[in-house]
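*Asks:* The structure that follows is given in the form of structure tokens.
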Protein chains: 2
Amino acid sequence: MGDASLPKPNILLAFHLEFPASFYDEIRRRFPDAEITSLVLEPGAPLPSESARKASIIVTLGHLPCLPNLEDTGHIKFIHFFSAGLDKVIDHPILTDTEIPVTTSSGIHGPPIAEWTLLNWLAASRKFSVTYEDQKKHIWSRDLEYTKGIQDHVGKKIGILGYGSIGRQIARVAVALGATVYAFTASPKPTPSSRRDPHYIVPGTGDPDGTLPISWHHGIDKASLHAFLSLGLDHVVVCLPLTPQTTHLLGAEEFAVLAANKQPNHRNPYLTNISRGRVLDQDALIASLKSGELSGAALDVTDPEPLPEDHPLWDAPNVQISPHVSALGEEYFFRSFDIVRVNLDRSRRGEPLVNSYKRGRGY
Amino acid sequence: MGDASLPKPNILLAFHLEFPASFYDEIRRRFPDAEITSLVLEPGAPLPSESARKASIIVTLGHLPCLPNLEDTGHIKFIHFFSAGLDKVIDHPILTDTEIPVTTSSGIHGPPIAEWTLLNWLAASRKFSVTYEDQKKHIWSRDLEYTKGIQDHVGKKIGILGYGSIGRQIARVAVALGATVYAFTASPKPTPSSRRDPHYIVPGTGDPDGTLPISWHHGIDKASLHAFLSLGLDHVVVCLPLTPQTTHLLGAEEFAVLAANKQPNHRNPYLTNISRGRVLDQDALIASLKSGELSGAALDVTDPEPLPEDHPLWDAPNVQISPHVSALGEEYFFRSFDIVRVNLDRSRRGEPLVNSYKRGRGY
């Protein structure tokens, strides 16, 4: 890194699909100091030597990556992936046999997923479906029953399982609403530096220093989790990665603990899952929604996906399901290029890259 | 004020309807140091002398107030109204012929109305109706068209017309989303003290010092308004009171100015009205929604109310209408009592009351 002798870096975009021309125009606008070249290849095909050897930065997809052969990597400063995780490329020689810096798009999912989360909380708490259906029928109704159960988020307690970039942006918005945030992580975060967000942060969002939670909690055993779920939480948001340890982490016991500790005059706890469907015991979830232990659930992920048409989860009481779309938005790819922008500048100054993959740690 | 010789104040609740017993229990819990008495009277009936003469604080409704006769007001420290405005009581002798402090519920509408606003923004920007309708049909759809037009609020510009307690809480949440806020007021606010929120503020919400807007704008003429609407706003939120000056303040010209100044690659401006229906020229609004000048509108108020069943506004493109419910919530009355709590303590310490009505200024 830090090669100031390269005046005009060559950024090679290598995808298996063509973006619209306006996309490349926007990229060129954002990198007036770089030469942008673009290849459309078969999914996963290696990069032609001629192109790879000229490239200083390669940008490709994480799930169908187009990567250079090892002998063509002489000029490469770093390779950037559009995905947050690298599980599809982890065994590629570039990762196993070289020290070429590799960067991910981790950190860019906070804003859209936090907005999806907030949308679902508010649609539930303010009974959006009532006014939406009334509007379709041209009904102006001020039924007294409507107010019943409507509460805002001032003074509400939000428990966030997994305090990464997504949980942090949810925390930021929750605090703005007047709520208090409780963070739960697998490992302890006792020091200011351990609480910092190590990834790329979309400017103006998130919780860079980890100062928003009113308290931090941790553990990998049931006792720690249950203590956290006993805090009187109004919301639990699942932002954990799916691992053997987190599979079915939340089930009948946990929902019972949540409900038993709810605050007087508050609605029963509301569950949000933007992680993976299998983090929840879905049958137990359906039972807790039916019994009222949980006042509702917002699920962007299910087990399995797609959720079969005849699955009982679709019609469980007060559940809002969306088809794994919470991260989507027109900004996604441009925001990923913001990381390339930051790292191009860092690379020139000889500084460490953000979102750099740590070989041997698996993320 | 400041009579420390009254050890146990008598708070008299005088309404024309009975609240549930749990309501009075909660009030007693919040005022362990006060005697709470309660009367249910004919709407607008004067308070019986016996009760009024014992009262140190009277709490009543703004639109159907039960008030004491002047000769019975000897012990009264202040009278609190459940409403934000006092237009229904402004000619009562208590207001015209006495100096008894009178307090309003101004300031408590910020949290629910900001949540209503955010709900509508996000339901529109994240196409909630698509997933909601798909769920009803058990359809798990990942249509590529879905992403088209979905944008989050990072870097978006929010223009707020009328920067009171509601606009301030909307600003607070908008900034948390990563947006920037522009404030517009009738009179100039050049100094830090002029930018402060003078009303009661729900703890943990709002913008007490007026530091959130990236810039402040003002004026009562069209040129000032049009300059503000030319800032490249993504959202315009109408939080102005309805006055002769604000009647039809926003119409065809203003929507055209907004659309003409939109930022490249952003959706067209979105209009939110939580003020009164007549602040907008509703026919012009429908035309601008149809033409696409405005990408959508969230309206909690219409002209007239109720909106007639056959009114074309119901089916205008991308409009979301609710029946003047944005302030509703189970917290409303308790939050109003928080003002009584604050003022009881201030009164005992001889400090000025919050939300005190300024006689002669009309608000």
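*Asks:* Suppose you put the label 7 Å out from Cα in the Cβ direction; list, shortest first and in nm with one decimal, how far A:G204 is from each other copy's label.
*Replies:* Once sorted, the set of distances for A:G204 reads 2.6 nm.
*Asks:* From the label point of B:D283, set 7 Å along Cα to the beta carbon, how far off in nm is each other copy's matching point, shortest first?
*Replies:* Those label-point separations list as 6.3 nm.
*Asks:* Once you have the Kirkwood Rh of the protein assembly as shown from its Cα pairs, apply Stokes-Einstein at 10 °C and 1.306 mPa s and quote D in µm²/s.
*Replies:* 56
*Asks:* Name the residues whose placed amide hydrogens come within less than 5 Å of the amide hydrogen of A:Y270, ignoring near sequence neighbours (fewer than 5 apart) on the same chain.
*Replies:* Those lying under 5 Å, H to H, from A:Y270 are A:H235, A:V236, A:S295.
*Asks:* Let me ask something additional. Rounded if a/c is under 1.5, else prolate if a/b is larger than b/c, else oblate: which is region B:7-112, with a ≥ b ≥ c the root eigenvalues of its Cα gyration tensor?
*Replies:* Judged from the Cα gyration tensor, region B:7-112 comes out rounded (a/c under 1.5).
*Asks:* Quick check for me: using +1 on Lys/Arg Cβ and -1 on Asp/Glu Cβ, what's the dipole size of chain A about its Cα centre, in debye to the nearest 20?
*Replies:* 1120
*Asks:* For A:H217, what residues show an amide H to amide H distance below 5 Å, using hydrogens built from the backbone and excluding near sequence neighbours?
*Replies:* Residues meeting the criterion, in which the H sits 1.01 Å from N, are A:A183, A:F184, A:T185.
*Asks:* In addition: Testing the spin-label approximation: label points 7 Å from Cα along Cα→Cβ at B:I214 and A:I90. State their distance in nm.
*Replies:* Here the answer is 4.1 nm between the modelled labels.
*Asks:* Could you identify which residue out of B:V202, B:V325, B:V340 has the top mean-square fluctuation in a GNM of chain B using Cα springs shorter than 10 Å?
*Replies:* Looking only at B:V202, B:V325, B:V340, the biggest GNM fluctuation is shown by B:V325.
*Asks:* What is the minimum Cβ-to-axis distance for chain B, in whole Å, where the axis maps B onto A, and to which residue does it belong?
*Replies:* Per the B/A rotation axis, the closest residue of B reads B:A176, 2.
*Asks:* Let me ask something else about it. Picking from B:Q282, B:Q320, B:Q135, which is most flexible by a Gaussian network model of chain B using Cα springs under 10 Å?
*Replies:* Looking only at B:Q282, B:Q320, B:Q135, the largest GNM fluctuation is found for B:Q135.
*Asks:* Could you work out how far the C-alpha centroid of region A:295-353 sits from that of region A:23-81, in angstrom?
*Replies:* Result: 24 Å between the Cα centres.
*Asks:* What order do you get for B:F19, A:F82 when you list them from fewest to most C-beta neighbours inside 10 Å?
*Replies:* Placing the least packed residue first, the sequence is B:F19, A:F82.
*Asks:* On average, how many beta carbons from a partner chain sit within 10 Å of the beta carbon of a residue in B:329-335?
*Replies:* What the average comes to for B:329-335 is 4.
*Asks:* Can you list the copy-to-copy distances for A:S193, using a point 7 angstrom from Cα toward Cβ, in nanometres, shortest first?
*Replies:* Between copies, matching label points for A:S193 lie 4.7 nm apart.
*Asks:* Hey, in the GNM for chain B with a 10 angstrom Cα cutoff, which one of B:K88, B:K189, B:K157 fluctuates hardest?
*Replies:* For chain B, modelled as a Gaussian network with Cα springs under 10 Å, the answer is B:K88.
*Asks:* Mind checking which lysines have their C-alpha under 19 Å from A:K148, skipping anything on the same chain fewer than 8 residues away?
*Replies:* List returned: A:K127, A:K156, A:K262.
*Asks:* Continuing with this model, one more query. With a 10 Å Cβ neighbour count serving as the proxy for reagent exposure, in which order, fewest first, do B:R28, B:R168, A:R346 appear?
*Replies:* The fewest-first ordering by Cβ neighbours comes to B:R28, A:R346, B:R168.
*Asks:* Kindly provide the pair-distance distribution of region B:110-321 built from C-alpha pairs, with 10 Å bins from 0 and whole-percent values in order of increasing distance.
*Replies:* 8, 34, 37, 16, 4, 0
*Asks:* Please list the helices of chain B that count as membrane-span-like by this rule: a mean Kyte-Doolittle hydropathy of at least 0.0 together with Cα atoms stretching 15 Å or more along the helix axis, each helix being a complete DSSP H run.
*Replies:* Helices passing the filter in chain B: B:110-125, B:165-176.
*Asks:* Work out, step by step, the length gained on full extension between A:E42 and A:S356: first 0.36 nm times the residue separation, then minus their alpha carbon distance; give nm to one decimal.
*Replies:* Net length gain for the segment: 110.4 nm.
*Asks:* What's the exposure ranking of B:S187, A:S326, going from fewest to most Cβ atoms within 10 Å?
*Replies:* B:S187, A:S326
Values in this text are rule-based calculations from the coordinates and carry no lab data. Keep in mind it's a predicted model, so treat the numbers as computed, not measured. Methodologically, a virtual Cβ is constructed for each residue, glycine included, from the backbone with ideal geometry; neighbour enumeration extends over all protein chains shown.
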